[in-house]
Amino acid sequence: MTQLAPSDRSGPDGTEPWPLRDYAFIGDGERGALISPRGGLVWLCAPRWDSDAVFSQLIGGAGQYTVRPADNWQVSGGFYENGTLVRVSRWVTSGAVFVTRDALALPADPERLVLLRQVTLERGPSSGAGVALVLDPRPGFGRAELNGWQLSREPVGPGGAASDDAAPVWTASGGGLRMRWAGAPEARPGPDGALHGTFTLREGERRDLVLEITTERAAGTGSLEPHGLWEETQRRWRQAVPECGNLLAPRDARKAYAVLHGLTSGAGGMVAAATTSLPEHAGEGRNYDYRYAWLRDQSYAGIAVAAHGPHPLLESACDFVTARILEDGDALRPAYTVTGDPVPEERTLGLSGYPGGSDRVGNQAGRQFQLDTFGEVLQLYAAAARHGHLEDRDVRRAVEVAITAVERNWERPEAGMWELEERWWTHSRLSVVTGLRALAAQLPEREAARPRALAETVLAQARARCLRPDGVWARAADDPEVDAAVLLPLARGCLPMDDPSTARTVRAVQDELAEDGFVYRFRHDGRPLAAAEGAFLLCGFMMSLVTNHLGDRPSALRWFERNRAAYGPPALYAEEFDVEQRQLRGNLPQAFVHALLLENAVRLAD
């Protein structure tokens, strides 16, 4: 394997890795970027989510795009403009205060990304204050070389036709991509091949930087004029993200919706997370590529959105899931690319990886059979039915295919929600029971009998094989331990309200898998829970839903608020939370955590 060029991690320039809790995320639906507290864009794949990275320092690769005060004596903080993924940072140095704004421009184009960066000197000396720049794209995870930067004058306005719009623009190409960078004519190529520069701003002055990365086919066709790009991006965010003022924790709920929107492609697929190979627990080997669309996760997002209203993300989820079911039927896979293609085989890149993690791309889950995927999809259709989606002919066909697939496959051992060895997992059976029952409640009586009878058959076998003598649902037919995954079907009404196994299972999970207000998935071995992995935020929000379902609203609110607080300064959620060190673990931002937060915000506001 070819060893890829590592990033320079020796100097105090902000390129060294930060704790995951400190990274901000910007996304446009087709790709996403992570930005460090020192202004370094350290992760971006182009042109699409699962393309090779152009900036891969996050996992030990090459490439960076840094915009920060030239004064190294600085602290920074920031926030997102409400209901958007426009990231605002405020930098306080020894003698000045800067404000920066970062966003990926909307509307998104699968073959063209536009990265907007804006710097304003809010307060500073009369002589002004300096801003330092480094632009060093390295396509192909660092494999591809650029052909060298060239500075020329180009039209930057719409259509690129008017001569009075001409402005200095840096251009380069490599790895099948072309780059244009406007706003930094004073930058110069260094011996490392990167563009380096500084400029001075006076108080109240602003500088806009616009980076375009396109495929060769789409090169040079779009505007680089920053004012129009910013205006349209903000307009699109206002259009896409609904108001959430009637929900619990409305700002966080709206932020969760914005994250889900930023992870959802125009082709319909929603990636599970923007990153790959970030460690769930250092040295445990659980480092996966989540830049693909899991139907389960997208169903969670659709169900959460449906609970609030008939918003566009619900339609995206239904359309994407329906297309996969109609195409693959019984062979439905849990994960696809955002365009519905197969997930590539797992491989490594020859990079060092994020500390404690690895450098894997591709995912073996794309070839597994997971029965619960059908259950989650049926629950999505039931939720969408309240907004008229069952009137769509393709959706009705997909419902029929999914029910038939459950009939044929519910007895098969399968990989389960956590993508482990093939066994008779309890959660998978309860999930399809929940989906079948929820769907039957939305169908005309003449059509409801079949899914209702199938649900009873599956549940009877699950009771016989997976319900322990003490009335607690076991993890699997051959494993009596508890698993937090079963909380979700119990919360969604899998069983009658008076069935005592729900409350008993909830108590068992709290006794055996909960710690300090957080919930772990399952017990790996005899070690303390925190020694094996972080608490699973998805499971903490499941606990909030199920305790609310049982009528214990105070407990539900406590679980919700405890897990809602498990983020860093940018207020993003990863897959796991290290309870002892108060750190994020796993890929970032994790879609299903934001989906369950949104659903809780809706349910608990009722």
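The values are calculated or read from the model by the stated rules, or taken from the named source; none is laboratory data. Please read these numbers as outputs of a predicted model, since none were measured by experiment. Neighbour counts are summed over all protein chains in view; Cβ atoms, including those assigned to glycine, are modelled from backbone coordinates with ideal geometry.
Structure data summary
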quantity: Verdict on residue 418 being of a type outside the set (Ser, Thr, Tyr), under 26 Å from the mean Cα position of the chain (by Cα) and surrounded by fewer than 23 Cβ atoms within 10 Å (Cβ to Cβ); calculated: yes
quantity: Residue list for segment 344-399, filter: over 23 Å from residue 492 (Cα atoms) and of a type in the set (Val, Ile, Thr); calculated: 348, 361
quantity: Residues (more than 18 Å from residue 593 (Cβ to Cβ), among the small types (Gly, Ala, Ser) and at pLDDT 95 or above) located in segment 472-529; calculated: 474, 476, 477, 501, 503, 508
quantity: Residue within segment 310-322 that is more than 30 Å from residue 458 (Cα to Cα) and more than 19 Å from the chain's Cα centre (by Cα) present; calculated: yes
quantity: Selection count, segment 188-233, where residues are without any contact (Cβ under 8 Å) to a residue 40 or more places away in the chain and not basic (Lys, Arg); calculated: 4
quantity: Spans of helices (runs of 4 or more DSSP H) in segment 509-606 with at least 2 residues among the β-branched types (Val, Ile, Thr) and under 25 Å from the mean Cα position of the chain (by Cα); calculated: 591-603
quantity: Segment 28-82: number of residues that are aliphatic (A, V, I, L, M) and assigned to a helix (DSSP H, G or I); calculated: 2
quantity: Answer from 90, 101, 68 - the residue that is of a type in the set (Lys, Arg) and crowded, with 24+ Cβ neighbours inside 10 Å; calculated: 68
quantity: Failed condition for residue 498, given (1) part of a helix (DSSP H, G or I); (2) surrounded by fewer than 20 Cβ atoms within 10 Å (Cβ to Cβ); calculated: (1)
quantity: Top-ranked residue of segment 378-408 - restricted to ones that are among the small types (Gly, Ala, Ser) and in a helix (DSSP H, G or I), ranked as surrounded by the most Cβ atoms within 10 Å (Cβ to Cβ); calculated: 402
quantity: Criterion (under 21 Å from residue 590 (Cα atoms), modelled with pLDDT under 95, in the same structural domain as residue 245 (by TED's automatic domain parsing) and of a type in the set (A, V, I, L, M)) met by exactly one of 365, 317; calculated: 365
quantity: Check on residue 411, assigned to a loop (DSSP other than H, G, I, E, B), within 18 Å of residue 483 (Cβ to Cβ) and assigned by TED's automatic domain parsing to the domain that holds residue 479; calculated: no
quantity: Residues within segment 194-214 that are surrounded by 14 or more Cβ atoms within 10 Å (Cβ to Cβ) and either at pLDDT below 95 or of a type in the set (Gly, Ala, Ser) (or both), tallied; calculated: 2
quantity: Residue 518 vs. criteria farther than 22 Å from residue 430 by Cβ, in contact with a strand residue (DSSP E or B) (Cβ under 6 Å, 6 or more places away or on another chain), buried (at least 22 other Cβ atoms within 10 Å of the Cβ) and aromatic (Phe, Trp, Tyr); calculated: yes
quantity: Residue in segment 551-559 that is buried (at least 24 other Cβ atoms within 10 Å of the Cβ) and touching a Phe, Trp or Tyr at 6+ places or on another chain (Cβ under 7 Å) present; calculated: no
quantity: Residue match in segment 299-313 (condition: part of a helix (DSSP H, G or I), closer than 25 Å to residue 21 by Cβ and not aromatic (Phe, Trp, Tyr)); calculated: yes
quantity: Unmet requirement for residue 38, which otherwise passes all of (1) within 17 Å of the chain's Cα centre (by Cα); (2) at pLDDT below 95; calculated: (1)
quantity: Total residues in segment 118-151, condition surrounded by 23 or more Cβ atoms within 10 Å (Cβ to Cβ) and in contact with an Asp or Glu (Cβ under 6 Å, 6 or more places away or on another chain); calculated: 2
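Residue by residue, here is whether (1) aliphatic (A, V, I, L, M); (2) modelled with pLDDT under 95 holds:
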{"position": "216", "(1), (2)": "no, yes"}
{"position": "219", "(1), (2)": "yes, yes"}
{"position": "226", "(1), (2)": "no, no"}
{"position": "262", "(1), (2)": "no, no"}
{"position": "265", "(1), (2)": "no, no"}
{"position": "276", "(1), (2)": "no, no"}
{"position": "280", "(1), (2)": "no, yes"}
{"position": "299", "(1), (2)": "no, no"}
{"position": "302", "(1), (2)": "no, no"}
